[in-house]
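Student: Just passing along the structure, written as structure tokens.
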Amino acid sequence: MRKWILIIVGIILIGIIGIGIKINSDFNDLEEAFNSEHSLNEPNLNILSESISPDKKYKYYEYQFDKGGLGYSRVFWSVIENKKNKNDLKSGLIPIGYKVIKWNNDSELILQKWEPYYESKTVYELTNKTEFNGIKIKITE
């Protein structure tokens, strides 16, 4: 009788360990979905708008990631050099609390301050006439 109890307890423990491994791998998949790559090569990238600067040197993108059944990510803005082989959006991410409005005729990027719903306590301060990755920016309120 004791032998059967030990066998049943062993089978239950193996089942619990198997379920734990399955849950852990599901969490890894979920984490991977949330940590999408900021690249133009990302298959789940959804570009909302893009614009080339008047001097044709830079390009900004407004984009988000498609998370499948989880919906869409927050909106990101990135400004990078306008080159064919330049795909890394992460290097040109605009800080949280600012969003891109447009280019002006002097190839300055016009940014607007805003308070995002998803991160209200983070504060980044950019000053008017600042350079960001070599691009002159203007801040509007």
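Student: Select, from Lys56, Lys83, the only residue that is out of contact with any Phe, Trp or Tyr (no Cβ under 6 Å at 6 or more places or on another chain), under 22 Å from Glu108 (Cβ atoms), open to solvent by 50 Å² or more (accessible area, probe 1.4 Å) and modelled with pLDDT under 90. Working first, answer last.
Tutor: On the way: Lys56 fails: modelled with pLDDT under 90.
Only one candidate qualifies: Lys83.
Student: Taking the stretch 38-52 as the search range and keeping residues that are part of a strand (DSSP E or B) and over 17 Å from Leu70 (Cα atoms), which one is least open to solvent (accessible area, probe 1.4 Å)? Walk me through it before giving the result.
Tutor: Pass one, the stretch 38-52, residues part of a strand (DSSP E or B): 39, 45-52.
Going one step further and asking which of them are over 17 Å from Leu70 (Cα atoms), we end up with 39, 47-52.
On the way: Ser39: 9, Ile47: 68, Leu48: 81, Ser49: 37, Glu50: 92, Ser51: 35, Ile52: 73 Å².
Among residues in the stretch 38-52 that are part of a strand (DSSP E or B) and over 17 Å from Leu70 (Cα atoms), the one least open to solvent (accessible area, probe 1.4 Å) is Ser39.
Student: Still on this structure, I have one more. Where in the stretch 94-141 are there strands (runs of 3 or more DSSP E), lying fully within it, with 1 or more residues that are more than 19 Å from Ile80 (Cβ to Cβ) and at pLDDT 70 or above? First the steps, then the outcome.
Tutor: Working: elements: 98-103, 109-113, 130-132, 135-140.
Passing ranges, in order: 109-113, 135-140.
The values are calculated or read from the model by the stated rules, or taken from the named source; none is laboratory data. Not measured: the values here are computed from a predicted model. Ideal geometry is used to build each Cβ from the backbone, glycine not excepted, and the neighbour counts take in all protein chains shown. Heavy atoms of the whole protein, side chains included, go into the accessibility calculation; ligands, DNA and RNA do not. Shrake-Rupley method; radii C 1.70, N 1.55, O 1.52, S 1.80 Å.
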